[in-house]
1. For residues that are buried (at least 16 other Cβ atoms within 10 Å of the Cβ), touching a residue at least 40 places away in the same chain (Cβ under 8 Å) and not in a helix (DSSP H, G or I), scanning just the stretch 17-73, find the one that is nearest to the chain's Cα centre (by Cα).
2. Within the stretch 74-85, which residues are in a helix (DSSP H, G or I) and surrounded by fewer than 18 Cβ atoms within 10 Å (Cβ to Cβ)?
3. Pairs only if they're at least six apart or on different chains, beta carbon under 6 angstrom, first in the stretch 80-99 and polar (S, T, N, Q), second part of a helix (DSSP H, G or I); list them, first residue then second.
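The values are calculated or read from the model by the stated rules, or taken from the named source; none is laboratory data. Keep in mind the model is a prediction, meaning the values are calculated, not measured. Heads up, the Cβs are rebuilt from the backbone with ideal geometry, glycines too, and the neighbour counts pull from every protein chain shown.
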Amino acid sequence: MIFDFDSLEETLTNGRIDIEWVFFGLVAQLIILVCLIVHWYASRKHGRVFIPVSAVYMGLIASAMLLVYASVRHDIVYVVGQLLTIMIGLRLLECLRRAETKQTQDGNTSFPKVEPDTAEINLDDYRPKKG
């Protein structure tokens with residue numbers, strides 16, 4: 001037999017964590033999978049890389065769930081990783097908000113189509129204005 005399902009619970013928990021917490025962590029991973037599928041579908045639909053805000057929020061929720069799971073497991077490496085993921089997600093939301101604000105001010109309602117090898121991005125457009 002390739003996999004022994006009789007010892008699944010013992011293998012997953014290893015006596016350190018309840019099966020309910022394992023299920024909680026797996027649900028968080030499933031949310032991340034759904035987030036990736038939403039991102040992939042939206043990008044295919046738009047014909048370019050497209051980041052739906054809903055996917056970012058789903059990713060933040062899943063990361064917070066995984067942070068709780070890592071805390072219950074007392075795994076400092078996992079906790080630090082999830083904290084960084086949450087910080088990156090929050091920064092991504094800020095960048096998306098700034099890009100949307102800039103488009104609204106310019107009267108442009110969509111991101112420009114970017115070809116992978118010819119992309120030219122002016123980062124000054126997305127930095128905070130001084131003064």
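1. ILE51
2. Within the stretch 74-85, ILE76, VAL77, TYR78, VAL79, VAL80, GLY81, LEU83, LEU84 qualify.
3. From the stretch 80-99, the pairs are GLN82/SER63; GLN82/LEU66; GLN82/LEU67; GLN82/ALA70; THR85/SER63.
Table: residues versus (1) under 30 Å from PRO128 (Cβ atoms); (2) at pLDDT below 85.
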{"residue": "GLU10", "(1), (2)": "no, yes"}
{"residue": "ARG48", "(1), (2)": "yes, yes"}
{"residue": "THR85", "(1), (2)": "yes, no"}
{"residue": "LEU93", "(1), (2)": "yes, no"}
{"residue": "VAL114", "(1), (2)": "yes, yes"}
